[in-house]
Amino acid sequence: MTEDRVQSPLKVVLTDINATVVAAWRAAFADTPGIEIRTGSILDKKVDAWVSPTNSRGRMDGGTDAAIKRHLGAGIQLRVQRAIRDGFQGRLPVGSAVCVPSGAANPKHLISAPTMDESAQNVSETLNVALACAAAFQAIHRQNEEVPGSIRSVALVGMGARTGQVPARVCANLMWTGYTLFNDHSFEDYDDLRATVTAQLDDIEQAPTTQRVRITPPARHTPRR
């Protein structure tokens, strides 16, 4: 089940060391208010949560994951993998996410959202970026439902654009799709999220790479009261 959302006060920072990804974000999010786009490392961003693209096992051994583990310490991987074990029987499907305490003052939370099943997998011909981005924002909904106001700001990198080999423009457009879905809807669970995203984006490869796709709610959605 999905629920209509009021406009979220969440501050979203998109940051990457890849200038091509940053330029693609500026094009994709040009008419989207409330988004801060920066060139630079996520490690420098003072926000409540960082989103790290990961793999389904939560092994933080490459890309942004590895940089975050070096920054926060090895314990962060243990917390991520414990959350995956407890909530998903040890394997986090693409289109799901976990939110764990970081053990640091900045950020307070780490959201791990897999863009791939295994490490260093090419996901350029998949919907994984949209699924991962939507799942990361869904994790923010869930965390804020459990502890209201605990995540008011979040930073994300170009999901799948490095290890996953997703072209920058495709990455930016799919992340825009995930973000707009966050503003519009909250899902009952991650299965519902994956079904909705996959059903509406399944033929996206037929569309031009410059085209953004906004997901509309299923007919069965329940308005938020």
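Bear in mind that the values in this text are calculations on the coordinates, not laboratory data. Because the structure is a prediction, the values reported are computed rather than measured. With ideal geometry, Cβ positions are generated from the backbone for all residues, glycine too; neighbour counts draw on all protein chains shown.
DSSP finds beta bridges in the chain, and of those with both partners inside it, around 25 percent are antiparallel. Each peptide among 26-36, 169-179 gets the average number of other Cβ atoms lying within 10 Å of its residues, and from highest to lowest they stand as 169-179, 26-36.
Normalised Debye scattering of the range 73-199 at q = 0.12, 0.21 Å⁻¹ gives log10 I(q)/I(0) of -0.43, -1.35, counting only Cα atoms as equal scatterers and leaving out solvent. In a simple Cβ point-charge model (Lys, Arg +1; Asp, Glu -1; nothing else charged), the range 10-78 has a dipole of about 180 debye relative to its Cα centre. In whole percents, the pair-distance distribution calculated for the range 125-186 from its alpha-carbon pairs, binned every 10 Å from zero, is 23, 49, 23, 5.
Subtracting the Cα-Cα distance of Ala195 and Lys11 from 0.36 nm times their residue separation leaves 63.5 nm of extension gain. Quick one: divide the alpha-carbon radius of gyration of the range 14-146 by 2.2 N^0.38 Å and tell me what you get. Cα-based Rg divided by the globular estimate yields 1.02. For the range 27-70, list log₁₀ I(q)/I(0) at each q in 0.32 Å⁻¹, using the Debye formula over Cα point scatterers of equal strength and ignoring solvent, two decimals each. Log10 of I(q)/I(0), two decimals: -1.17. Every pair of different Cα atoms in the chain enters the Kirkwood calculation, which places the hydrodynamic radius at 17.1 Å. Percentage of Cα-Cα pair distances in the range 1-82 greater than 19 Å, rounded to whole percent? Tail of the P(r) past 19 Å holds 51 percent of the pairs.
Please tell me the relative contact order of the chain in percent, rounded to the nearest whole number, where contacts are Cα pairs under 8 Å and at least six residues apart.
On the way: 449 pairs, mean separation 65.2, N = 225.
Result for the chain is 29 percent.
Extension gain, Asn183-His71: 0.36 nm per intervening residue step, less the Cα-Cα distance, totals 37.3 nm.
The listed peptides 102-109, 133-140, ordered by packing as a protection proxy, come out as 133-140, 102-109 (highest mean of other Cβ atoms within 10 Å first).
Using just its DSSP H runs of length 4 or more, each adding -39500 (n - 2.57), the chain gives a mean residue ellipticity at 222 nm of -11500 deg cm²/dmol after division by all residues.
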